[in-house]
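Everything below concerns the one structure shown next.
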Protein chains: 2
Amino acid sequence: MESSFAIIAEPSRRAILGLLASSERSVGEIERRLRMPQTSVSKHLRVLREAGFVESRVEAQRRVYRIRPEPLREVDAWLAPFRRFWTAHVDALERHLDRMAQAPRKGRSR
Amino acid sequence: MESSFAIIAEPSRRAILGLLASSERSVGEIERRLRMPQTSVSKHLRVLREAGFVESRVEAQRRVYRIRPEPLREVDAWLAPFRRFWTAHVDALERHLDRMAQAPRKGRSR
DNA sequence: CAGGCATATGCTCTACTGTGTATATATGCG
DNA sequence: CGCATATATACACAGTAGAGCATATGCCTG
C-alpha cells in the first residue's frame, strides 16, 4: 500500500476524502454521514494519515481530520501528460477565439 | 476491478499508460521498453482495454495500442474539488505579485 | 472515581489480484 | 505447408487488503 494511487483506489477512502474536501470533520461525523462502521472509518483514516492524505487535530475526546493536499497533487501531476488528450480541442478553440477577438474587425471571408 | 482508480493503482499499468501517452506502441515495443514479460504486458493491456483506458488496432501480426482518455478524465474530474488546496495560495501569491508590480514604487516598510 | 462516549487497535477470515509457467491462436514468410 | 514471430489465454499459487468482531485507550462529566 505504498503509492498514493493505491490509497485512493479504495471507494470508502475516496468517500472520506470527498467529505473532507468541503470541510474538516470528526471521526463521528464521517461515520454518520457515510453510514460506515466506526472501526472501519478509523482504519481507513489511519491509512490515509500514514500516506499523508489527511492529518488530525485533537479536540477534547474527538479527533478532527482535515485534508493534506500533497499526495493528491502527486496524482494530479501524473495526469499532466494525458491532459492534452482532452484539452487539445479546447485549446485550439481558445486560440481561435483569441485570434478572432484580437483581429482587426475587417470583415470576414465567409 | 471496476473503478478507474483501481486500474491505475497498479504500477505496471501506469508505466504502460505513461509510455502510450507520448505515442501509440505495439505490445512488443512496450515489452522491450519496460523490460516486462510479454505475458504480463498482454494481461495488463487486457485489463486496460476492458476498462476503456486503451484501444488496439490490428496491424499485420501486431496490435498497436493507444490511449483512450475518458477514464483518465474521470480521475481528473474527481480531483477537481481538491485543487483549491494547492491553487489557493498560488492564486493569492499571484494576486499579491500583481499588486506589487502595479503598485507605485513608494518604498517598503522593513 | 465510576461510567460513558469517542476513537483506535488486534485478530481472523475471505476474496481478489498479480506473477510465473505452459500453451493456444494467428499471421507472415520461405 | 511448416516454421518463426507476435500476442493472447488458462491455471495454480502466494501475498495482501478489507470486513467484522471484540477489545483497548483516552477523556469528560457527574
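Counting only residues 5 or more places away or on other chains, whose amide H sits under 5 Å from the amide H of A:Ser26 once H atoms are built in the peptide plane?
A:Tyr65
Over the whole of A:67-75, what's the average partner chain Cβ count within 10 Å per residue? Rounded to a whole number, please. All intermediate terms of the calculation are to be shown ahead of the outcome.
Details: counts 4, 1, 7, 2, 0, 7, 5, 0, 7.
Partner-chain Cβ atoms within 10 Å, mean over residues of A:67-75: 4.
Could you tally the net charge around B:Phe53, taking each other residue with its Cβ under 12 Å from the Cβ of B:Phe53, Lys/Arg +1 and Asp/Glu -1? Please list the in-between numbers first.
Numbers: positive: B:Arg13, B:Arg14, B:Arg46, B:Arg49, B:Arg66, B:Arg68, B:Arg73; negative: B:Glu10, B:Glu50, B:Glu55, B:Glu70, B:Glu74.
For residues surrounding B:Phe53, the net value is +2.
Inter-copy label distances at A:Gly18, 7 Å along the Cα→beta-carbon direction, one decimal in nm, shortest first?
From this label point to the equivalent ones elsewhere in the assembly: 2.9 nm.
I'd like the Karplus ³J(HN,Hα) series for segment B:73-81: coefficients 6.51, -1.76, 1.60, θ = phi - 60°, whole numbers in Hz, and an x wherever there's a Gly or Pro.
Whole-Hz 3J(HN,Hα) from phi for segment B:73-81: 5, 4, 4, 4, 5, 4, 6, 3, x.
Let me confirm one metric for peptide B:8-14, namely the mean number of other chain beta-carbon atoms within 10 Å of its residues' beta-carbons.
If you average over the peptide's residues, the count of other-chain Cβ atoms is 4.
How far, in nm to one decimal, is A:Arg84 from itself in the other copies if the label point is set 7 angstrom along Cα toward Cβ? Shortest first, please.
3.2
Which FRET efficiency, nearest 0.05, do B:Ala88 and A:Ser42 yield, Cβ-Cβ r, R0 30 Å?
So, using R0 = 30 Å, E works out to roughly 0.55.
Using Cβ counts within 10 Å as a stand-in for footprinting exposure, how do B:Ile16, A:Ile30 rank, fewest first? Mind dumping the intermediate values first?
Values: B:Ile16 25, A:Ile30 21.
Starting with the residue having the fewest Cβ neighbours, the order is A:Ile30, B:Ile16.
Every number in this text was worked out from the coordinates using simple rules, so none of it is lab data. Model, not experiment: these values are computed from the prediction. Ideal geometry is used to build each Cβ from the backbone, glycine not excepted, and the neighbour counts take in all protein chains shown.
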